[in-house]
Amino acid sequence: IGGMTSYGTLLSGLNYDWLNRAKVAPFYAQPNARLPQYKTEQVLRDRARSIANIDLYLGYEAVDLTQDDRSATLTIKERGSLALKNITADYLVGADGSKSFVRTKAEIPEVLSEHNRMMALVVFTSTHLHELLKVYPGKAFYNVLHPDFQGYWQFFGRVDHGTNWFFHAPVPLGTTKENHDFVAMLHSAVGQKFELELDYVGFWDLRVAVAKTYSKGRIFLAGDAAHSHPPYGGYGINTGLEDVRNLGWKLSACLKGWASALLLDSYDAERRPVFQSTAADFIEKFIADDDDFLSNFTPENCPDFRKMWQNRNENADEVMRFEPNYQGSSIVAPASGRPSAKGFHSHHAKAGHHLSPQLCADMSSIYDHLGRDFSLLTDGSDQDLIANYRQAATDLGLPLKVIDTLSPQAVAAYETQVILVRPDHFVTSTGNRIKARDAFCRAIGQAH
């Protein structure tokens, strides 16, 4: 899955490949995939329905939220009804979007970076556009940069392969469905007229927002409730899913009794800096860099403009450098730095970084064996070390799975024979210099 950036119009012929995420495929257990939001929501709802201890209240809205030192209570009502229902739990997670009711009721303020831009979302059907773009095979999204838009994108994305599309672009303040010609807008962005049918037109304000904290008492925020930004590059949904992955194992640890509430403090400490970095080092940097180039160089004033344009991506490393990590977190082995979205993909196992897939001695993937527990990965050569980890886990009441079949190739790639992996598959420590009990205590936020 990759994209393309064009100058002026989509079919101008001035383009370069962009955000080719195939480059980082070897560092993840699953291939990159595109799924439109409505399909994603359907998958999540279907999965939720299949889990016995999840109660779904579709068609309800929240009307109140309270908490004390033991629980949080959400009051809901079915739309069109006056009957109220209270749901009380040990913890409450608000994943209710950028206009979060939970965030507002919990009185958690946001830090805003306003861009004073109104954006249109246009969903349309066009097999004609698919035919026109066959000259650029293997692309799932297309970015058009025009000097008039000051670095802000006109962005086409495929909903499926061949028929359905979405389009984001700046529009003048005060634009409505009725006072703007969206067909002409699409023709202008593409660079020629083409057959299409409009399916949906909506609007959103371009801004970057992040909650000042991702938790308050027993209330937590995740996804767009905690942070929001323009839908550029797929960063939003992936950041939200990683929020849930990070918070989920920590809530589970507290509810099951093998970690204290101190562990929950690390959720904000790890995840909020990652979003701040995503916004500053990637999304807003894209806008600023594009505007700077477009303001200074045009085909009219630069004889070598075509070469300059194509060379813009020659040394681009945004795909390799987008590597959210928790290096420097208080619950991983000590290292310089702080949690960030900016890193560099590597198979080298490092504390605070996501574990890349490698093979066990039987040629199965490590990810076939990792589960919801802490995992100790070794090549099995040091049975005393394994025994120490097992004993420390037993003493602390921690769930531990030992995978002692690392292949020689995996040891070489990881550059270590010993790796302790968290339930979210991020590395907490490596090597044999850290005592097993100390490694576990640090990983669950406990003094050692």
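Every number here is computed from the coordinates shown, using simple stated rules; none is lab data. For clarity, every value in this text was computed on a predicted model and none was experimentally measured. A quick note on method: Cβ atoms are made from the backbone with ideal geometry, for glycine too, and the neighbour counts reach across all protein chains shown.
Using only the alpha-carbon atoms of the stretch 346-443 as identical scatterers, what base-10 log of I(q)/I(0) does the Debye formula give at q = 0.10, 0.17, 0.20, 0.25 Å⁻¹? Debye intensities relative to I(0), on a log10 scale: -0.21, -0.65, -0.93, -1.51.
Karplus-derived 3J(HN,Hα) values for the stretch 424-440, using 6.51 cos²θ - 1.76 cosθ + 1.60 with θ = phi - 60°, are 8, 6, 9, 6, 9, 6, 9, x, 10, 7, 8, 5, 4, 5, 5, 4, 5 Hz; glycine and proline are entered as x. Remark: the stretch 63-79, residue by residue, has Karplus-estimated 3J(HN,Hα) of 10, 7, 8, 9, 8, 9, 7, 10, 7, 10, 10, 10, 9, 10, 8, 6, 4 Hz, where x stands for each Gly or Pro and the curve is 6.51 cos²θ - 1.76 cosθ + 1.60 at θ = phi - 60°.
Selection among Leu355, Leu376, Ala62 by position relative to the dipole of the chain gives Leu376 as farthest towards the positive end (Cβ unit charges, Cα centre).
Against the set [x] 174; [y] 153; [z] 137, the structure's computed volume of the Cα convex hull per residue in Å³ falls on [x]. Given +1 at the Cβ of Lys and Arg, -1 at the Cβ of Asp and Glu and no other charges, the dipole of the stretch 14-99 around its Cα centre is 460 debye to the nearest 20. Using a cutoff of 8 angstrom between alpha carbon atoms and counting only pairs six or more residues apart, the relative contact order for the chain works out to 15 percent. All Cα-Cα distances of the stretch 187-317, cut into 10 Å bins from zero to the largest, leave 10, 27, 25, 21, 11, 6, 1 percent in each bin in turn.
Loop-located chymotrypsin sites (Phe, Trp or Tyr not before Pro) in the stretch 33-65 (DSSP state not H, G, I, E or B) with no more than 15 neighbouring Cβ atoms inside 10 Å: Tyr57.
Only one residue of Gly80, Cys302, Asn432 has its Cα farthest out toward the positive end of the dipole of the chain, where Lys and Arg carry +1 and Asp and Glu -1 on Cβ, and that residue is Asn432. Could you give the distance between the Cα centres of the stretch 227-249 and the stretch 173-202, to the whole Å? Each part reduced to its Cα centre gives a spacing of 30 Å.
The spacing between the stretch 89-120 and the stretch 395-414, judged by their C-alpha centroids, is 39 Å.
Look at where the Cα atoms of the stretch 10-34 and of the stretch 320-368 average out, and the two centres are 21 Å apart.
Rounded to the nearest 20 debye, the dipole magnitude of the stretch 346-443 is 360 debye, with +1 charges on Lys and Arg beta carbons, -1 on Asp and Glu beta carbons, and the Cα centre as origin. Here's the list of lysines a cross-link from Lys350 could span, going by alpha-carbon distance under 18 Å and ignoring same-chain residues fewer than 8 apart: Lys342, Lys435.
Around the amide H of Phe220, modelled in the peptide plane, lie the amide H atoms of Leu92, Val93, Gly94, all under 5 Å away and 5 or more residues distant in sequence or on another chain. Backbone N atoms of the stretch 337-370 closer than 20 Å to the 7 Å Cα→Cβ label point of Lys256 belong to residues 355, 367-370.
Size descriptors for the stretch 120-168: radius of gyration and Dmax over Cα atoms are 11.3, 30 Å. A DSSP coil position with no more than 12 other Cβ atoms inside 10 Å describes the following trypsin sites (Lys or Arg not before Pro) in the stretch 1-75: Arg70.
The H on the amide N of Thr428, modeled in the peptide plane, is under 5 Å from the matching H of Gly352, Leu420, Val421, Arg422, each at least 5 residues off or on a different chain. Considering only Met119, Tyr152, Ser336, the residue lying farthest towards the positive end of the dipole of the chain is Ser336, judged by Cα position with unit charges set on Cβ.
Do any trypsin sites (Lys or Arg not before Pro) in the stretch 164-225 lie in a DSSP loop with no more than 13 other beta carbon atoms within 10 Å, and if so, which?
Sites meeting the loop and neighbour criteria: Lys177, Lys193, Lys212.
Applying a threshold of 19 Å to the alpha-carbon distances of Lys23/Lys307; Lys105/Lys212; Lys77/Lys105; Lys139/Lys177 flags Lys23/Lys307; Lys139/Lys177 as lying beyond it.
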